[in-house]
Amino acid sequence: MTPGRLGEILGLPPIPQGTWAEEALYVSPAALRRGEAPGEMAARLRALPGIADVRVRADGFLEIAVAMPGDLVMELTGHVPPDPPTSTALPDTAVSPWTDAPRTWSNPGFVVKYAHVRAVAVRRWAAELGVGGRFRPELLDGRWDRAVLRLLAEAHGRRASRDPGWAAYTERLALAYHDAFERAAVLPVGDEEPSPLHTARVELARAVRAVLAEGLAALGETAPNRL
């Protein structure tokens, strides 16, 4: 169950909650907004494939746990071309909040652009190393992968928001991806054979690249392939 599909069912984007380290959780006021008994809506949701649990809070909000958070990767990458464009069209009114220099970790713009560059490079390196095969979203269950998924889950709601806050959001996503890139090997090391986990992490990188490129474009920035 993906945030986009949940949004269609609920009538409004679900809100990711918590860290997702143990449970991939969304919160929604949909029952209250639609004037429906929260318990009845919760019962209907529990019967849907991909839903692990639905709980009704004291305030009437629903807590919706999805069984396989990695499913959202394909929702984010389904309409993205295999290779990123060399430039991104910039909105006429977009004004970047960042400067190009310094190119250090103290500059949020560099942090975001470098994360995009890393995500682009992963796909290129994966092809060279023979990483491929069927994407298995259930394999994205490690700590670092889940931290990235948790932030990717916000993209759907931010697109629908009047104030999406792309600058702060892309920085948080970029930092989470840098952590994952450095702590959870996305590619085979040494004589290691490519595995389905490598394939899953390459697809995760593709989703990160897609969302960062979208955020950068909204901020009047070109999403770089190299720095």
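Observations, loosely collected:
- Pairwise centroid distance, computed over Cα atoms, of segment 123-177 with segment 16-76, Å: 20 Å
- Helices of the chain meeting both criteria, an alpha-carbon length of 15 angstrom or more along the long axis and an average Kyte-Doolittle score not below -1.0, with helices taken as full DSSP H segments, are 108-129, 166-183, 196-218.
- Only Cα pairs under 8 Å and 6+ residues apart enter the sum, and on that basis the relative contact order of the chain stands at 26 percent.
- If only the Cβ of Lys and Arg carry +1 and only the Cβ of Asp and Glu carry -1, the dipole of segment 1-54 around its Cα centre is close to 200 debye.
- Value of relative contact order over segment 98-196, rounded to a whole percent, pairs C-alpha under 8 Å and six or more apart: 38 percent
- Where GluC sites (Glu not before Pro) fall in DSSP loop in segment 124-210, at most 14 other Cβ within 10 Å: 192
- Entry note, the chain: the mean residue ellipticity at 222 nm calculated from DSSP H runs of n ≥ 4, each adding -39500 (n - 2.57), is -14500 deg cm²/dmol after division by the residues and rounding to the nearest 500.
- For segment 100-201, the alpha-carbon coordinates run over 45, 32, 21 Å along the three principal axes, in decreasing order.
- Accessible surface ranking that places the most exposed of 187, 6, 175 first, with a 1.4 angstrom probe: 175, 187, 6
- Loop-resident sites, segment 127-161, for trypsin sites (Lys or Arg not before Pro), counting at most 15 other Cβ within 10 Å (DSSP): 134
The values are calculated or read from the model by the stated rules, or taken from the named source; none is laboratory data. Just so we're clear, the structure is a prediction, and the values are computed from it rather than from any experiment. Neighbour counts are summed over all protein chains in view; Cβ atoms, including those assigned to glycine, are modelled from backbone coordinates with ideal geometry. The area values use the complete protein model at the heavy-atom level, side chains included, leaving out ligands, DNA and RNA. Shrake-Rupley method; radii C 1.70, N 1.55, O 1.52, S 1.80 Å.
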